[in-house]
Amino acid sequence: MSSSTPSSSAGGVGSADSAAPRRNSKRPKYSKFTQQELPACKPILTPRWVISAFMLVSIVFIPIGVVSLFASRDVVEIIDRYETACVPDGYKNDKVTFIQSNLTKQCNRTLTVKKRMKKPIYVYYQLDNFYQNHRRYVKSRSDSQLKENSSWDDVSSCKPEDMSKDQPIVPCGLIAWSLFNDTYNFSLNDQQLAVNKKGISWKSDRDSKFGKDVFPQNFQNGSLKGGATLNLSIPLSEQEDLIVWMRTAALPTFRKLYGKIEQDLQPNDQIHVTLDNNYNTYSFNGKKKLVLSTTSWLGGKNDFLGIAYLTVGGLCFFLALSFTVVYLVKPRRLGDPSYLSWNRNPGGH
Amino acid sequence: MKLLNAVAGGSPDVVQFLTVMAICNTVVPIKSKTGAISYKAQSQDEDALVNAAAQLHMVYANKNANILEIRFNGSVIKYEVLEILEFTSDRKRMSVVVKDCQTGKIVLLSKGADEAILPYAFVGQQTRTFIEAVEQYAQLGLRTLCLACRELREDEYQEWSLMFKEASSTLVDREWRIAEACQRLEHDFEVLGVTAIEDRLQDGVPETIETLRKAGINFWMLTGDKQNTAIQIALSCNFISPEPKGQLLLIDGKTEDEVCRSLERVLLTMRITSSEPKDVAFVVDGWALEIALKHYRKAFTELAILSRTAICCRVTPSQKAQLVELLKSCDYRTLAIGDGGNDVRMIQQADIGVGISGREGLQAARAADYSIGKFRFLKRLILVHGRYSYNRTAFLSQYSFYKSLVICFIQIFFSFISGVSGTSLFNSVSLMAYNVFYTSVPVLVSVLDKDLSEGTIMQHPQILFYCQAGRLLNPSTFAGWFGRSLFHAIVVFVISIHAYAYEKSEMEELSMVALSGCIWLQAFVVALETNSFTILQHLAIWGNLVAFYVINWIFSAIPASGMYTIMFRLCRQPSYWITMSLIVAAGMGPVLALKYFRYTYRPSKINTLQQAERMGGPILTLGNIEPHPRPMEKEVVSPLQISQPKNRNPVYEPLLSDSPNSSRRSLGSGAPFDFFQSQSRLSSSYSRNCKDN
């Protein structure tokens, strides 16, 4: 039995094998992508790599920080907070009554130039605690109305300042209604200091957001006046104070451009400001400041970026240094298989 | 030799035996053009039997409607099939009723499990020899079947046939009625003999089991085979270890009390040995399992939790499913793998069902979540694909939370400086595009991310513990991502509102500064968390950043949009770019420092392997430092354990065998042929494995 059967069985294998029909292979077409075999680079966090990355960041950041800080320090800024000073002594405890009364609001301030200021000098008004980013305030405007004359009655989003005496208001909405209306007149050595109020708004806004054929209508003729009135004969695209104001600020403290002084100011120049303190910030404890500022490549005076760069650069330097020290004091072989617990006690799970 | 002589001599017993082998099945012969006959069978057992019969000159040549044609020693015999009593796992046998076309005799031919055939032998037949033969074959790890026949009288058949037809056409309880009808016919058998088939292991089964064990996976073997067969197979595939290392505990018994006692004894042993480094396994058969699941569920559950290995033999498909359910209720994640139709229920019950599509058909493969071609592919499925998939899912889900939380936190912070009125810092276009366009593409490419190469994982299956313990996605990792999103939101918010203060604090500008800060951080976070950069990843991460600017330039060019000219305006400002790099450095610096520190000084196992992989070589030298079973060695060892894997082509080979050592399929009969030559080896292995039961 042992001799004959194996041979016959071997034949059996062969026949069964060859008889099995060769099916079409279902093997998917090979591609490196579908088989996830694309060549890959696998960086790991080696000490050298990480330390040099931190070093590089600190080397780049510290000079940028220094440059930014210098740029910010080069900017000369004169800030004058006037909302309390411009209230007569008798009304100091009841500022709201004063601002709502018919008394004269004129107020004289004197600013001293500390450092030479090169033209152009930007004149800003700064409001504090004014939430131009409040949801209901932000939405209370009609962009289509501002842009096109034909949409003059599109005031649906402008509540509560949409209609006045059953007529649509142009420009409607809370933002326009609350237009800032303090005015400043500057004089230097009894000479009028010209403030250029042209080109203080964005050109794109003048060209495509505010219409050339849209004129104010029914504006501020309700019982409650929010702010400035507009000249009814000038189209909105030329009402630059309005255009500036309508670019709502994202933060409760903000500055808006009032105008530009196209003249250099010398140290110890005394600038007399005659201002009309019309705008009511007293009911919400808002501050008003008049700001004269030059500018740099980085913008206005703002030390934040410079300080942040120096801090981050310094921290990175510190990290790089401490990692180096740790690496030298306590070197550790990367990928040492003895760290694998199952290598330490084979078989133990 | 004797067998062949008997065949040649036409000994009636042998001829009858071979006839049953050749006919009693549902195989369809297919004749190819060359005249060779191949068989199409539903189960490989039937395939094996028919082929074996053919080897012994009993060729099942043709099937024409109901007429079967057999060629035996040159003569052609025709049978008409009257009825087929299909196999069910309850009856554990199948029968055919055939009519000899020449003599007109009606015969019932049956084959089935020994306990389904032998008790129904006609009174007076000695079944002892059969029982012994079955025992011996089982100890060789062979799958046994008993063949039997009975001659029917014409009127008996007619009467039964009517009943069977009626049963087949009933609408209610049909299965039960048919079973009952079959029962009527299948009795008073003349037992002809016993066949034994080797259910040969596929390539790589022992290695696969060993590797997956190392990965912390417990194995239960659920089989319909006899206990001895199951134990032998388990031994041959490294499923259980032989005596000195392993211990096999048996749960058996016919009554509740017996089962209870043996269950408690096993449980006690299990508790004692659980601290020892010993591979303890228990064996339970279908009957005892039924009782245990019914009456001693609690004890059995405890046993299930304690044991790493178990063999359940003689179990029905529904018991398989019940066992899976039991394990699921113990908070185990279960994976069921099987190739047969009787595994379908279990596969569907398990958390993960894997079907092997093979000769037994596609039933299991169709019911499964994953279908593979060979058992050994399970290793790759779990270790490579399962693990990658877990890693990627963990990253993707946590990252998605992170990126959405960054935006949410910024909005929350902004609400504090906008009078808590609910103003959105970001405009509607940005909010809409943020999740869809700006941040989704880089993470989608993380489907290509591989933390470790496949080779490393295969060498260190233990790394799967990390996934099992949920180390990459758990409350603390989530808290890490949550903290990161909070930190990044603070960085972006604080830096943008301070850098863009006073005259620059314009709503649309600030909004875009904050948004682009987020996008920059996202790009760097994805880059830092990516382990392997393919060209696509670079394209997605940095391309996405470019796309962000392109999209915003497009929006900034539309006069009607709210952000008209904003992005052009910003990109011209040096302060914008300085702000961006500040956000990136301030946001990523601490993250990088923390990651580096943990990576170097508190490395996880994954990190260590990554480092080892990158340093090159150490993985190979690792085996030299501390030798322990490595896959390299295993490959050498495996051919010794299972014989000749090289020249073995099909998994199940229909072969005759003379000696058990040749490890081929054996076939024998209950007639007193020689099958005792290997008894010594058998008994020794038997005592070795089952002594302590």
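The values are calculated or read from the model by the stated rules, or taken from the named source; none is laboratory data. Since the model is a prediction, treat every value here as computed from it, not as a measurement. Every residue, glycine among them, receives a Cβ derived from its backbone with ideal geometry; neighbour counts consider all protein chains shown.
Scan the range B:335-354 and tell me whether some residue there is of a type in the set (S, T, N, Q), out of contact with any strand residue (DSSP E or B) (no Cβ under 9 Å at 6 or more places or on another chain) and on the phi < 0 side of the Ramachandran plot.
There is at least one residue in the range B:335-354 that is of a type in the set (S, T, N, Q), out of contact with any strand residue (DSSP E or B) (no Cβ under 9 Å at 6 or more places or on another chain) and on the phi < 0 side of the Ramachandran plot.
Those helices (runs of 4 or more DSSP H) of the range A:71-170 in which at least 3 residues are within 14 Å of another protein chain (Cβ to nearest Cβ), under 26 Å from A:K197 (Cα atoms) and at pLDDT 90 or above, considering only elements entirely within it, cover A:143-147. Checked against (1) surrounded by 15 or more Cβ atoms within 10 Å (Cβ to Cβ); (2) at the interface with another protein chain (Cβ under 8 Å from one of its Cβ atoms); (3) of a type in the set (A, V, I, L, M, F, W, C), B:I535 meets all criteria but (1).
Scanning the range A:20-69 for residues that are β-branched (V, I, T) and under 39 Å from the mean Cα position of the chain (by Cα) gives A:I44, A:T46, A:V50, A:I51, A:V57, A:I59, A:V60, A:I62, A:I64, A:V66, A:V67.
Any residue at all in the range B:280-295 that is among the basic types (K, R) and without any contact (Cβ under 8 Å) to a residue 12 or more places away in the chain? Yes; the residues of the range B:280-295 include at least one that is among the basic types (K, R) and without any contact (Cβ under 8 Å) to a residue 12 or more places away in the chain. Checked against the criterion of being at pLDDT 85 or above, surrounded by 14 or more Cβ atoms within 10 Å (Cβ to Cβ) and assigned by the TED database to the domain that holds B:V344, the candidates B:A230, B:A167 yield just one match: B:A230. If you filter the range B:6-59 down to residues that are among the hydroxyl-bearing types (S, T, Y) and within 14 Å of chain A (Cβ to nearest Cβ), you find that the one that is farthest from B:D199 (Cα to Cα) is B:T34. When B:L452, B:L396, B:L444 are checked against the criterion of being in the same structural domain as B:S516 (by the TED database), in contact with a Lys or Arg (Cβ under 9 Å, 6 or more places away or on another chain) and in contact (Cβ under 8 Å) with a residue 24 or more places away in the chain, B:L452 stands alone in meeting it. Looking only at the range B:432-464, residues that are surrounded by 15 or more Cβ atoms within 10 Å (Cβ to Cβ), farther than 23 Å from B:T534 by Cα and among the aliphatic types (A, V, I, L, M) come to 3 in all. Scanning the range B:489-532 for residues that are touching a strand residue (DSSP E or B) at 6+ places or on another chain (Cβ under 6 Å) and either surrounded by 22 or more Cβ atoms within 10 Å (Cβ to Cβ) or of a type in the set (S, T, Y) (or both) yields B:Y502, B:S505.
Does A:F215 satisfy the condition of being aromatic (F, W, Y) and either exposed (fewer than 13 other Cβ atoms within 10 Å of the Cβ) or part of a loop (DSSP other than H, G, I, E, B) (or both)?
Here the answer is yes, as A:F215 does meet what is asked.
Taking helices (runs of 4 or more DSSP H) as the structural unit, those lying wholly within the range B:448-532 and holding at least 3 residues that are closer than 16 Å to B:L396 by Cβ correspond to B:475-499, B:507-529.
No other residue among A:L193, A:L224 is touching a strand residue (DSSP E or B) at 6+ places or on another chain (Cβ under 6 Å), more than 19 Å from A:D154 (Cβ to Cβ) and among the aliphatic types (A, V, I, L, M) apart from A:L193.
Can you name every residue in the range B:406-421 that is more than 14 Å from B:L486 (Cα to Cα) and in contact with a Ser or Thr (Cβ under 8 Å, 6 or more places away or on another chain)? Outline the logic, then answer.
Restricting attention to the range B:406-421, the residues satisfying the condition of being more than 14 Å from B:L486 (Cα to Cα) are B:415-421.
Correct list: B:S415, B:S421.
For the range B:483-520, a residue qualifies if it is more than 25 Å from B:V550 (Cα to Cα) and either more than 13 Å from chain A (Cβ to nearest Cβ) or touching a residue at least 60 places away in the same chain (Cβ under 8 Å) (or both), and the qualifying residues are B:G483, B:R484, B:S485, B:L486, B:F487, B:I490.
If I ask for residues that are within 12 Å of another protein chain (Cβ to nearest Cβ) and either touching a His at 6+ places or on another chain (Cβ under 6 Å) or not β-branched (V, I, T) (or both), which ones from the range A:246-273 would you list? Talk me through it step by step, then tell me what you get.
First, pick out the residues of the range A:246-273 that are within 12 Å of another protein chain (Cβ to nearest Cβ): A:246-258.
Matches in the range A:246-273: A:M246, A:R247, A:A249, A:A250, A:L251, A:P252, A:F254, A:R255, A:K256, A:L257, A:Y258.
Just checking, does the range B:545-560 include any residue being within 9 Å of chain A (Cβ to nearest Cβ) and farther than 23 Å from B:S446 by Cβ? Yes, because at least one residue in the range B:545-560 is within 9 Å of chain A (Cβ to nearest Cβ) and farther than 23 Å from B:S446 by Cβ.
Do the conditions hold for A:S58, that is, is it within 12 Å of chain B (Cβ to nearest Cβ), closer than 30 Å to A:L275 by Cα and either surrounded by fewer than 20 Cβ atoms within 10 Å (Cβ to Cβ) or hydroxyl-bearing (S, T, Y) (or both)?
Working: within 12 Å of chain B (Cβ to nearest Cβ): yes; closer than 30 Å to A:L275 by Cα: no; either surrounded by fewer than 20 Cβ atoms within 10 Å (Cβ to Cβ) or hydroxyl-bearing (S, T, Y) (or both): yes.
Judged against the criteria, A:S58 is not a match.
Kindly evaluate A:R206 against the criterion of being touching a residue at least 24 places away in the same chain (Cβ under 8 Å) and surrounded by fewer than 15 Cβ atoms within 10 Å (Cβ to Cβ).
Details: touching a residue at least 24 places away in the same chain (Cβ under 8 Å): yes; surrounded by fewer than 15 Cβ atoms within 10 Å (Cβ to Cβ): no.
In short, no.
Among residues of the range B:589-604 being surrounded by fewer than 18 Cβ atoms within 10 Å (Cβ to Cβ) and within 7 Å of chain A (Cβ to nearest Cβ), the one that is nearest to B:E529 (Cα to Cα) is B:K595. Of all residues in the range B:561-578, those that are more than 10 Å from chain A (Cβ to nearest Cβ) and among the β-branched types (V, I, T) total 0.
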